[in-house]
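Some notes on the structure that comes next.
Bear in mind these aren't lab numbers, they're just calculated from the coordinates by the rules spelled out. Small disclaimer: the values here were computed from a predicted structure and weren't measured. Cβ placement follows ideal geometry from the backbone for every residue including glycine, while neighbour counts extend to all protein chains displayed.
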Amino acid sequence: MFPGSRRCLMAILICVLPFAGPCLAQGGRSDAPPGAGGLSKSEARIRQRCQPPKQPPAGKVLEVFQDCHDTPEMVRLPGGRFLMGQTGAIGLTYELPVHEVEVQPFSIGRYEVTFLQWDVCHAEGFCLRRPDDKSWGRAMRPVINISWVDAQQFVAWLRIRTGQHYRLPSEAEWEYAARAGSATAFHWGESTGSVCKYANVLDVAGRMQRPNWFWSNDCMDGYAHTAPVGSFPANPWGLYDVTGNVWEWVQDCWHSDYTGAPTDGSPWIEGGDCSRRVNRGGGWGNHARTLRSAKRDADMAEGYGDAFGLRVVREDAPGERRASELDAAGQDAGTGGGARVQEPAAR
């Protein structure tokens, strides 16, 4: 892992595959000739299997939707400005300088991607590996043992499955979503004492199973390894497990600090070490200080381990109208109704 300190702390075996190349990064094999809409016959069959969910998801704060019955639930986030980076005394040099970023509206996964969702992608030939769950359980647990290259295969499958533009979040989008309008170390505030209430971390039970690990949180969160997604309270924007459970891959290449970082929320690729890709959020085996909203790390793009997972982003389709826009239009017309959207405060 990078920086090296977390590799030593986590003691996670990182398996490095030979670089899979652009074809593998884009997903499984396509067969010819193409079907309707430029899709191959197999891709057209994948698209046809996209059925609407029997019970559409609902959010308490922001609009929630699901493109297909077996694809991730997504939360529509409004655009806004925020301060990216760590402002407190415990910040690290690669979390500096603090800088203002303006993010455009986007949708992000309500939960981390699960084994259940990944296994569908694998069965349809886009996700080429079936990751080991270490006997911790599959189904609604977050998928683990995936590399950044593997994650690209999953978002490629989502694009075929739904006809929408799915991708990994940029690092800025991820932090904007995780903070949910907060400027504190965690979305719940500054305290580490209540971390087991809000996140899956290395607790007392986890430490007992790993006596050679010299750190832990002096509390019990109920899980010695990964927890089923949604087991802990959501952040103020209705996103679960942005703190702890698994580290989440983002699109960006690694840069040692934020000097020259984009201010428009886009992925930072130029000038970085693209053999390493950033991951965020901390995992089940970490101390609370590693779960701060500003904490960032990076690993080899082909590397994987039992604390690596992902969360996806979907861009709005051209002409797609959000519930907040329809609500505003309804009020202008005197009809009212619609879901209210909590706009983030500009910081």
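Could I have the simple spin-label model distance between TRP215 and ARG49, label points 7 Å from Cα toward Cβ, reported in nm to one decimal?
Placing both labels 7 Å beyond Cα along the Cβ direction yields 4.1 nm.
Any chance you could check the Cα centroid distance between the stretch 76-152 and the stretch 200-252 for me, in angstrom?
Using only Cα atoms to place each centre, the spacing works out to 14 Å.
Spin-label point model (7 Å from Cα, Cβ direction): what's the ASP264 to LEU83 distance in nm?
Label at ASP264, label at LEU83, 2.5 nm between them.
Subtract the Cα-Cα distance of CYS274 and HIS99 from 0.36 nm times their separation in residues, and report this length gain in nm to one decimal.
Extra length from CYS274 to HIS99 when fully extended: 60.8 nm.
Give me THR93, THR243, THR184 ranked fewest to most by other Cβ atoms within 10 Å of their Cβ, as a rough exposure proxy.
Working: THR93 11, THR243 26, THR184 14.
Fewest-to-most Cβ neighbours within 10 Å comes out as THR93, THR184, THR243.
In debye, nearest 20: dipole of the stretch 177-319 around its Cα centre with unit charges on the Cβ of K, R (+) and D, E (-)?
380 debye
How far apart, in nanometres, would the label points at LEU116 and HIS287 be if each is projected 7 angstrom from Cα along the Cα-to-Cβ direction?
Label at LEU116, label at HIS287, 3.6 nm between them.
Given 0.36 nm per residue, what is the gain on full extension from LEU92 to HIS165 after removing their alpha carbon distance, in nm?
The span from LEU92 to HIS165 would gain 22.9 nm if fully extended.
Highest mean first, what order results for 248-254, 82-88, 135-141, 185-191 on Cβ atoms within 10 Å? Walk me through the intermediate numbers first.
Numbers: 248-254: 25.3, 82-88: 18.7, 135-141: 14.4, 185-191: 17.1.
Listed from highest to lowest mean packing, they are 248-254, 82-88, 185-191, 135-141.
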